[in-house]
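The values are calculated or read from the model by the stated rules, or taken from the named source; none is laboratory data. Keep in mind it's a predicted model, so treat the numbers as computed, not measured. Positions of Cβ are backbone-derived with ideal geometry, glycine not excepted, and every protein chain shown enters the neighbour counts.
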Amino acid sequence: MPADQAGPAAVRASVAVWDPLVRILHWTLAAGFLGAFLVGSPRELHETLGWTAVGAAAARVAWGFAGPQRARFADFVPTPVGFLAHARAVLAGREARYIGHNPAGGAMVVALLAVVATLGLTGWMMGLDAFWGAGWLEGLHEIVANLGFGLVVLHWLGVAWESLRHRENLAKAMITGRKRP
């Protein structure tokens, strides 16, 4: 019997997907990045939010190697061929449903972590005497921040699309850590 026609017990059934640390780091990173992006001043608040995002990203990278199966990069980071195959399947309307991150979601995790790392590096460099007032560095920091915000919007659209396409609330799953089997 298909899952959408199953009885009440089957509908309530769920499987653990994302552990508490993945979920805490996800929402901490999201709040830190968006807060820093939206709050330009006071500068101290911008920096505190930015460093919060960088710290969450660093912890997530470590957990990507040491955490449980679904937290590990090896479980969800696609090869370029795997990513392109998934993209073709999405365009054809025949993509598979994944319990954890799909290849596009895995690629987005890597892209967002790279953006936050770059923002942390450029933000730190702007505080050094050697780069104090360097317009090119401030410009790069701003470009990367805007790229990051664009990726966040793309992430939101992807989550909404997958939630509708597969009839599941992915945002809720990132809160509860559970999805239907």
Open item on the list: For region 153-162, check the following and say yes or no: at least one residue is outside any helix (DSSP H, G or I), in contact with a helix residue (DSSP H, G or I) (Cβ under 7 Å, 6 or more places away or on another chain) and either of a type in the set (A, V, I, L, M) or surrounded by 15 or more Cβ atoms within 10 Å (Cβ to Cβ) (or both).
Closed with: no
- [ ] Consider only pairs whose beta carbons are under 7 Å apart and that are at least six residues apart or on different chains; among these, list those whose first residue lies in region 155-181 and is closer than 17 Å to GLU95 by Cα and whose second residue is surrounded by 15 or more Cβ atoms within 10 Å (Cβ to Cβ) and among the charged types (D, E, K, R).
- [x] GLU168/LYS179; GLU168/ARG180; LEU170/GLU162
Task: Failed condition for GLY105, given (1) of a type outside the set (Ser, Thr, Tyr); (2) farther than 17 Å from ALA145 by Cα; (3) assigned to a loop (DSSP other than H, G, I, E, B) - done: (3)
TODO: Output the qualifying pairs, or none if there are none: Cβ atoms under 7 angstrom, residues six or more apart or on different chains, first residue in region 37-65 and closer than 15 Å to ALA111 by Cα, second residue part of a loop (DSSP other than H, G, I, E, B).
DONE: GLY64/ARG72
- [ ] Could you check ALA31 against (1) touching a Leu at 6+ places or on another chain (Cβ under 9 Å); (2) more than 16 Å from GLY120 (Cβ to Cβ); (3) modelled with pLDDT of 95 or more; (4) of a type in the set (A, V, I, L, M, F, W, C) and say which number it fails?
- [x] (2)
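Condition check ((1) at pLDDT 95 or above; (2) over 28 Å from LYS172 (Cα atoms); (3) hydrophobic (A, V, I, L, M, F, W, C)) across all residues:
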site	(1), (2), (3)
GLY67	yes, no, no
ASP75	no, no, no
PRO103	yes, no, no
LEU121	yes, yes, yes
LEU137	yes, yes, yes
PHE149	yes, no, yes
- [ ] Return the only residue of VAL90, VAL39, VAL81, VAL15 being out of contact with any Ser or Thr (no Cβ under 6 Å at 6 or more places or on another chain), among the β-branched types (Val, Ile, Thr), at pLDDT below 95 and surrounded by fewer than 14 Cβ atoms within 10 Å (Cβ to Cβ).
- [x] VAL15
Task: Looking only at region 165-181, and only at residues there that are basic (Lys, Arg) and part of a loop (DSSP other than H, G, I, E, B), the one that is surrounded by the most Cβ atoms within 10 Å (Cβ to Cβ) - done: ARG180
